[in-house]
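Notes to accompany the following structure.
None of the figures in this text is laboratory data; all of them are computed from the coordinates on show. Just so we're clear, the structure is a prediction, and the values are computed from it rather than from any experiment. Here Cβ is always computed from backbone atoms with ideal geometry, including for glycine, and neighbour counts include all displayed protein chains.
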Amino acid sequence: MPGVADPQRSGRRPLGTAVATTVLVTGSGPAVAGQPRLAAGADDRPLRILISNDDGYRHPYIRQLQAALKGAGHKAVIVAPAEDQSGRGTGLTLSAKATIRAEQAEPDIWSVTGTPGDAVNFGLEHVFGSAAPDLVVSGVNAGANAGTAVNHSGTVGATVAAADAGIPAIAVSADADLTNPDDRYPSAPQAAAFAERVVERLARTADTGPLLPAGATLNINYPAHPDGGVAFTNLGKARNYTFSYVPDPASCATCYKPKLGYDPNAPESVRNADTSALAANDVSLSLLTADWGANGWAAGARPPSTEDVQRTKARLTGLRP
């Protein structure tokens with residue numbers, strides 16, 4: 001979701017799906033596809049990581065995340081939208097008339113004119129190719145992606161595209177400080193460093209197994225001023241983000257401007273919710289599934305298993321902000 005520093009961004013495209021039939025690929029830098037894949041859980045070898053976001057490849061926080069992961073020795077390549085794609089959720093470009101332009105803007109940095117999901121899918125196919133990445137990390141987002149915002153978040157949407165392709169994925173977001181207009185997201189560098197520590201912990205504890213349970217993604221929300229611990233949280237239902245549409249007669253008689261609001265005190269009905277952890281200045285770790293299916297609706301188990309969830313929780317226990 002968009003950061004709350006800009007609650008009335010204009011030019012917002014509607015939510016929805018929009019994978020292109022034509023792809024333009026430019027740039028002469030080396031792709032990653034020719035490199036050997038690293039085994040998950042090899043704590044003495046770097047991971048191959050695709051980094052994306054919904055704020056665009058130029059955004060300073062995705063650069064901070066790449067620097068943190070590269071600083072730890074990982075092979076971290078940015079493949080991210082060319083422009084801001086906040087709120088595009090799990091959308092993909094599906095129009096038969098659409099064209100996506102993708103180019104290597106800088107070494108290890110690719111720009112894709114599409115949604116976060118488009119960027120991840122393009123990165124998997126054309127940047128990493130047959131040597132798939134070990135992990136996708138999306139962020140650091142400017143603003144929390146907790147509660148109902150998760151359903152619409154392009155940051156989380158990038159991880160859903162990865163999960164659909166069978167690649168473990170992590171979303172990481174930094175909460176806003178509404179009292180400080182000069183620095184709305186003071187903890188963004190800390191969030192990037194924390195994400196790197198999570199990656200290290202997952203790699204070190206995976207042994208010969210996967211970094212994360214199949215079909216699940218990890219959603220990290222980092223408070224603006226952490227002074228607590230790290231909480232294992234459920235997806236909340238608090239509607240912190242609000243949406244309204246204001247008449248815009250100056251543009252046309254039937255025109256409206258979308259207006260995004262933010263209520264940090266929206267009521268929360270879920271126990272151990274991610275929104276509650278952020279309100280307590282705790283780092284929130286939520287394990288998400290992307291299938292939206294309801295447990296018990298049909299016969300048969302849905303991954304991840306209870307054992308997988310508990311094992312992942314144990315592997316991440318003891319992390320500090």
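Here are the numbers for this structure:
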{"item": "DSSP bridge orientation in region 22-316 - percent antiparallel, rounded to nearest 5", "result": "35 percent"}
{"item": "Region 267-306 versus region 169-186: alpha-carbon centroid distance in Å", "result": "22 Å"}
{"item": "Above-threshold pairs, the threshold being 31 Å between Cα atoms, out of Lys75/Lys259; Lys97/Lys257; Lys237/Lys313", "result": "Lys75/Lys259"}
{"item": "Charge dipole of region 150-243 about the Cα centre (unit charges at C-beta), most positive-ward option of Val198, Ala161, Val230", "result": "Ala161"}
{"item": "Under 15 Å, Cβ to Cβ, from Ala279 - net charge with Lys/Arg +1 and Asp/Glu -1", "result": "-4"}
{"item": "FRET efficiency estimate (nearest 0.05) - Cβ-Cβ, Leu94 to Thr205, R0 30 angstrom", "result": "0.20"}
{"item": "Dipole magnitude (debye, nearest 20) for the chain, charges at Cβ of Lys, Arg, Asp, Glu", "result": "340 debye"}
{"item": "Gain on full stretching of the segment that runs from Ala67 to Asn180 - 0.36 nm per residue minus C-alpha separation", "result": "38.1 nm"}
{"item": "Positive-end residue, region 22-316 charge dipole about Cα centroid, Cβ charges, pick of Leu218, Val283, Asn180", "result": "Leu218"}
{"item": "Charge dipole (region 22-316, unit charges on Cβ, about Cα centre) - positive-most of Gly91, Pro303, Val112", "result": "Pro303"}
{"item": "Residues in region 90-126 reached by a label modelled at Glu83 [backbone nitrogen below 13 Å; 7 Å Cα→Cβ]", "result": "101, 112-115"}
{"item": "Helical mean residue ellipticity (222 nm; -39500 (n - 2.57) per DSSP H run of 4+; nearest 500) of the chain", "result": "-6000 deg cm²/dmol"}
{"item": "Paramagnetic label zone (point 7 Å from Cα along Cα-to-C-beta, Asn295; backbone N under 13 Å) in region 202-225", "result": "none"}
{"item": "Long-range amide H partners of Tyr256 with built H, under 5 Å", "result": "Asp248"}
{"item": "Extension reserve of the Arg271-Ala314 stretch, reckoned as 0.36 nm per residue once the Cα distance is removed", "result": "13.5 nm"}
